Each structure stands twice: as C-alpha cells, then as structure tokens.
1. Sort S48, S160 from largest to smallest accessible area, using a 1.4 Å probe on the heavy atoms of the protein chains.
2. Below 8 Å between Cα atoms, with a sequence gap of 6+, how large is the relative contact order for the chain in percent?
3. Keeping all protein chains in place, calculate the accessible area per residue for the chain (probe 1.4 angstrom), answer in Å².
4. Around V178, which amide H atoms from residues at least 5 apart in sequence, or from another chain, sit under 5 Å from its own amide H, with H modelled in the peptide plane?
5. Could you tell me which of the pairs K24/K89; K99/K166; K27/K77; K27/K52 are separated by over 18 angstrom between their Cα atoms in the structure shown?
6. Which value at 222 nm does the chain reach when only helices count, each DSSP H run of 4 or more adding -39,500 (n - 2.57), with the total divided by all residues and rounded to the nearest 500 deg cm²/dmol?
7. Longer than 23 Å from Cα to Cα, which of K7/K50; K193/K217; K7/K218 are they? Say none if no pair is.
8. Obtain the nm distance between the two label points defined at D240 and A90 by a simple spin-label model: each point lies 7 Å from its Cα along the Cα-to-C-beta direction.
Amino acid sequence: MEIIKAKQLGFCFGVKRAMEIVNKALKEKEGPIYTIGPIIHNSEVVNSLKEKGIIPIDDVRKITRGTVIYRTHGILKEEEDYIKGTRIKALDATCPLVKRVRREAMRLRKRGYKVVIVGDRNHQEVRSILSYIENDGIVIEDPQAIKEKKIGIVSQTTQSKEVFKKVVERILEEAHEVTAVNTICEAVEVRLKEAQRIAEMADVMVIVGGMESSNTKKLFKAVKEIRPSSYHIENEDQLDPLWFKGVHVVGLTGGTSTPDFLIDRIFLRIKKMCGGKDGGNC
Ligand code: SF4
C-alpha cells in the first residue's frame, strides 16, 4: 500500500511564531504563564504545554499576576484593554494575518462602510475581529442579501476563496458601494489545493488536526466531497485498520496547527497497520 503524504505539512508561520513566543516565555518564566483559551487549536500541543506550565484560562479577570500570551486567533478588545490596565506582562502571539483582518475591518468602518465578515461567528478569530469594531459588523457564512448601501467585506483567514467570491458577487447585486478585501490566508489555500489533488489519487484520506481547528475542518469537508472515505483524526489512536482494508493508496494531510511529529506518528502507525505486501495486514 502507498501512502501519499502532503508536502505542505506542519505548523504554518503564524503557529510557528506563536510557539516561539511560548518557548521564550517558558525560558524567561516571569510568574505563572497563561493563555486566554488555547494558544492554538490542537489538543496534543495544548496538553503538552500544560505539562510545561502554560495555563489556558477562559476568564482574563482571573489573572492577577505573571504573563499572559495572546492566542494565535486573537483576543477580544475588552480583554486586551483589561490587561493593559494591569501589571500583567503581555506577549502577543496573535498571527499577523489575523491582525491584518482586524485592521482592515477597522479601516473600513472608519470610512463609513458597514463591515461584513465572511466566516463563522462562533470562531475566536471572528469574535476578535468583531470586538475591535465594537461588534458593529455583520457575520455571514453564505451568500445572502445585505440591506445596507455601503458595504466593506473582509474574510476570516480560513475562509474558502470560492465562498468569499460568491458572497461578494451576491452583495454586489444590491449594494451601491462595495469594497472587498481578500484577507484569506494563502497557507490555508495552498494546503487545501494540495489535499484536493491527493484526494483525487487516493482511495482513503486521513486528515489530522484539532476538532476545533477551522482550517482542518474545511480541509476535511473539501476532501470528503472528492473522496467519501475520508477521516478526520486528532491522533494515531483514532485510526481504524478497517478503513484501510483492500486499499491501495492512502492520502495523508493535516491542518496548519498540526505538528510534524504527530503526522510522523500517524504515518508510521498506518504503515504498521498495513505495511505488508499489497496492504498486508489491512
Ligand atoms: S493559518 Fe494563516 S492566518 Fe492562521 S495562524 Fe496560520 S498563517 Fe496565520
């Protein structure tokens, strides 16, 4: 059996940067170190950081001392304001591309546009963007009519280009003035395209990443449309040998917050399960 491993794997630059900030904080150790929510959407990584002393906390007001690291997807404006009013040391691990979406949304609002964010309203990144424009924005996931005359559109970084384009086209049908800023992260797009190419060749697809990871969920949805035998897992213990029975080609890819070591472990486990001639034990 052949396993096609994607070339675009491991942490994206935003996650790598966040992990460097975390490691630096661990070395400097100025009091307890917190993150507001998980630093990235990968439970393996978050759990291993917990063991090293990084404490994810939901309510920033419970932090009274030490260091707080802003998560990759961004924190809420009110959380940042609270931290600025204390003596807590803040390290900003927000991905620069997420900050760009926030900046563009603020700029559009200042210029009198009603801001439309194409994304998932429950996702931390979108909540963060909204909070920086005083929650004065509209969040949509699909093309729909917006009853405003002057509309400025931005996108969650993990949004698909196709959906973003359709949303812009739909809004253009009725609005008088539209400005659309493409704030989609290229790293996500590149991974998606490669995963789709692999899915065309594979009998089974394995997608590795956190269940909360937006880009992993999108990757999974996209490959499942091409290859119905696709599975989203977080670690090697979730692999089922039955998935590979009689299979010749397995495709393996992962989200932007999936570490290389996890992909390697999963690759080896699949190989071990099915390593014999023509799929061997599968
Ligand atoms: S996927 Fe893109 S936007 Fe998200 S953290 Fe990585 S580089 Fe930043």
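1. Ranked from most to least accessible, the order is S48, S160.
2. Numbers: 554 pairs, mean separation 61.7, N = 282.
Computed over the chain, the figure is 22 percent.
3. Heavy-atom SASA per residue in the chain reads 49 Å².
4. HN-HN under 5 Å from V178: I151.
5. Values: K24/K89 13 Å; K99/K166 24 Å; K27/K77 28 Å; K27/K52 11 Å.
Listed pairs above 18 Å: K99/K166; K27/K77.
6. On the way: 9 runs with 114 residues, N = 282.
When only DSSP H runs of four or more count, the value is -12500 deg cm²/dmol.
7. The pairs that break the limit, which is 23 Å between Cα atoms, are K7/K50.
8. Between D240 and A90, the simple spin-label model gives 4.6 nm.
The values are calculated or read from the model by the stated rules, or taken from the named source; none is laboratory data. As the structure is a prediction and not an experimental result, all values here were calculated from the model. Because the Cβ atoms are built from the backbone with ideal geometry, glycine has one as well, and the counts that use them run over all protein chains shown. Protein only, heavy atoms only, side chains kept; ligands, DNA and RNA dropped before computing areas. Shrake-Rupley method; radii C 1.70, N 1.55, O 1.52, S 1.80 Å.
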